[in-house]
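The next block holds one structure in the form of structure tokens; read it before the comments.
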Amino acid sequence: MWKGNVMEPLIHFIVPFIALTLVGGNVKKAFPISLLALLPDFDALFLVHRSLSHSIIVMLTVAVPIALLTYKLKPRLLNYVVLASLAVASHLILDLFAGYTPILWPLSGYSFWVKTELEVHMGSSIVLNPSVKLLAEPTLFKHLPSLDAPLFTGEGMIISAVLLIPLLFKRFIERWLQS
């Protein structure tokens, strides 16, 4: 059984969704593009997690030919390919801050974790202790007997709600003003 550091699918979806809508994207278009950010975790269906699907090199190896083909055949759809690639890349970046991720595989045989913390010590004075560490360990893709991970957590739901409520409020106000 594997129970490691994971970033829940809800967060992987909501981050690109909010980013796309903030830059003026249509909600109906942002939704399916943001769902693509979940693709790297399909390796869990094979009881492997953070495998080659979490490599930016592998992602680019797939995305660049698709982008070139799209540009040649249907140039007006190229923006969607770029946005989809950014949505998938957001998954890899989020995971890089949540645990060891083989983001540079196969160029590097190591998985990396950007571990960030800000600790506070409160006593006679307040001391902040920031910490940013780049950790590395050899990449091992191994089949697991089982995989237990949350689809969502209370924290993830709150973060998603905090990100989503302003968007919903803005849409409500826009529709209210139109009527």
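Since every read-out is calculated from the coordinates, none of them should be taken as a lab result. Because the structure is a prediction, the values reported are computed rather than measured. Cβ sites come from the backbone with ideal geometry, for glycine too, and all protein chains shown count toward neighbours.
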With Cα springs under 10 Å, the Gaussian network model of the chain assigns the largest mean-square fluctuation among V88, V64, V23 to V23
Which one is right for this structure if mean projected area of the Cα convex hull in nm² is calculated from it: (i) 10.4; (ii) 9.8; (iii) 14.8? (iii)
Using the Karplus curve 6.51 cos²θ - 1.76 cosθ + 1.60 with θ = phi - 60°, what ³J(HN,Hα) values do you get for each residue of segment 62-74, in whole Hz, with x for Gly and Pro? 8, 5, 5, x, 5, 5, 5, 5, 5, 4, 6, 8, 9
Could you let me know the centre-to-centre spacing of segment 97-155 and segment 12-71, using Cα atoms, in angstrom? 21
Rank these for me by crowding, S179, S108, S55, going from fewest to most other beta carbons within 10 Å. S179, S108, S55
Tell me, what HN-Hα J-couplings in whole Hz come from the Karplus equation 6.51 cos²θ - 1.76 cosθ + 1.60 at θ = phi - 60° for each residue of segment 24-29, using x for Gly and Pro? x, x, 6, 4, 5, 8
Springs between alpha-carbon atoms under 10 Å, Gaussian network over the chain: tell me which of Y110, Y100, Y71 tops the mean-square fluctuations. Y71
Among L77, A19, G99 - extreme Cα towards positive end, dipole of the chain, charges at beta-carbon: L77
Can you pull the one-decimal nm distance between simple spin-label points at N79 and H121, each 7 Å off the Cα toward Cβ? 5.3
Sequence gap at least 6, Cα distance under 8 Å: using those rules, report the relative contact order of the chain to the nearest whole percent. 28
Subtracting the Cα-Cα distance of F169 and F152 from 0.36 nm times their residue separation yields 3.8 nm
Count the lysine pairs in the chain whose Cα atoms sit under 26 Å apart, keeping only pairs 8 or more residues apart in sequence or on different chains. 12
Counting Lys and Arg as +1 and Asp and Glu as -1, each charge on the Cβ, what is the dipole of segment 9-178 about the Cα centre in debye, to the nearest 20? 820
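Compute the signed sum of charges (Lys and Arg +1, Asp and Glu -1) over the other residues within less than 15 Å, Cβ to Cβ, of I11.
-4
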Helix-derived [θ] at 222 nm for the chain: sum -39500 (n - 2.57) over DSSP H runs of at least 4, divide by residue count, nearest 500? -16000 deg cm²/dmol
Non-local residues with an amide H under 5 Å from the amide H of L147, with H modelled 1.01 Å from N and Pro and chain starts lacking one, are W2
Sequence-distant residues sharing a close amide H with S111 (under 5 Å, placed H): E137, T139
